[in-house]
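Notes follow once the structure below has been shown.
What follows is calculated from the coordinates using simple rules that are stated; it is not laboratory data. Because the structure is a prediction, the values reported are computed rather than measured. A quick note on method: Cβ atoms are made from the backbone with ideal geometry, for glycine too, and the neighbour counts reach across all protein chains shown.
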Amino acid sequence: MKEDYLILGIESSCDETAAAVVKGGRTVLSNVISSQIDIHTLYGGVVPEIASRKHTERINQVIRQALSEAGVKLTDIDAIAVTYGPGLVGALLVGVAEAKAISFATGIDLIGVHHIEGHISANYIEHPDLEPPFLSLVVSGGHTHLVNVADYGVYEILGRTRDDAAGEAFDKVARAIGLGYPGGPKIDKVAKEGNPDAIPFPRAKVEGSIYDFSFSGLKSAVLNYLNSCEMKSETVSVPDVAASFQKAVVDVLVEHSMEACRERGCKKFAIAGGVAANSALRAAMVDACRQNQIDFYYPSPVYCTDNAAMIAVAGYYEYRKGVRSDLTLNAVPNLPLGER
């Protein structure tokens, strides 16, 4: 059986328009990302309608650039992998429509890919030794999932957030302390100047579900602290707030992840998603995995944020299993992991 399939990946689930070409599921020949951060920063967050318009403007150019940088033509491509959920429905529709149009015009096979599956698959790019089964923590602006990766494309969700995702909490707290959007990288930077033990913010536990997460209470605690300081005319140390908040998030993520690894007897653990680029989280996970004798895997920052290489990788393994999508493929903004 052929192993070195060329997969064209397309990603447009939020505010990055991306295309990539991946060979054999692990070799990235190109990975082009057109970011909209500068535009959405003006509004303090992603504006869905603007995101959709910008995807429409950029998607053809991004795909052409990805093919050019990879040194291939559409006729060389074996399959097109596209994110069809979850995400912003208008943004998803742009990528799905583009992929379907190319598939219809060329006869190239089409594969719909789950966005979270893409994030998990990003780890395969730089870790050729990583094979399922393993546990993975996916932390991003829209998702906080603790997942048992039983096999390629086979997932069991052990825990998830009951309210705000970790990245969403970062964005809201960053806005509250005047750092603006995007919150994750800005809090990570400012926190390096602060004392992570300065303010005793809470670490939430969800009764009856040891692996689930909740960050809305932590967010409220930060807002209450800021309001209290304002009422008392006390000076707020932004670095201390950032560092203390960040440590509260990281502590919970690490604790739940290591508990799941111990309970399952798992010796391979991977993180993924935009928050996986956070330096404090990486450092804490490195230390925790070392103490528990667990092999730790994480992608480079470029593969943590939304990109099409991870979608192409996930599509490769689905393609090898015989998965194909037809032209009825549609955007599913709330698509559960593991469903088609």
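Averaging the sequence gap over all C-alpha pairs within less than 8 Å and six or more residues apart, then dividing by the number of residues, gives the chain a relative contact order of 25 percent. Kirkwood hydrodynamic radius of the chain, from the reciprocal of the average inverse Cα-Cα distance over all distinct pairs: 20.4 Å. In this structure, ASN195 and ARG320 have a Cβ-Cβ separation that, at R0 = 45 Å, corresponds to a calculated FRET efficiency of about 0.35. Report the far tail of the P(r) of the stretch 132-299, meaning the percent of Cα-Cα pairs longer than 26 Å. Summing the P(r) of the stretch 132-299 above 26 Å gives 26 percent of all pairs. Largest GNM mean-square fluctuation across GLY180, GLY315, GLY265, computed for the chain with C-alpha springs under 10 Å, falls on GLY265.
For a quick protection proxy, order the peptides 191-200, 305-314 by their average other-Cβ count within 10 Å, most packed first. Walk me through the numbers on the way to the answer.
Working: 191-200: 15.7, 305-314: 31.0.
The most tightly packed comes first, giving 305-314, 191-200.
Taking every lysine pair in the stretch 132-299 that is 8 or more places apart or spans two chains, those with Cα atoms closer than 27 Å amount to 26. Summing Lys and Arg as +1 and Asp and Glu as -1 over all other residues whose Cβ lies under 9 Å from the Cβ of PRO132 gives a net charge of -1.
Residues within the reach of a label modelled at ARG26 (point 7 angstrom out along Cα to beta-carbon, backbone nitrogen below 12 Å), restricted to the stretch 102-128, are 124-128. The charge dipole of the chain, taken about its Cα centre with unit charges on the Cβ atoms of Lys, Arg (+1), Asp and Glu (-1) only, comes to about 100 debye.
If you take the beta carbon distance between HIS127 and ALA150 as r and set R0 to 25 Å, what does 1/(1 + (r/R0)^6) give as a FRET efficiency, to the nearest 0.05? The calculated FRET efficiency here is 0.90. The gain in end-to-end length when the LYS73 to THR235 segment is fully stretched comes to 52.4 nm, 0.36 nm per residue minus the alpha carbon separation.
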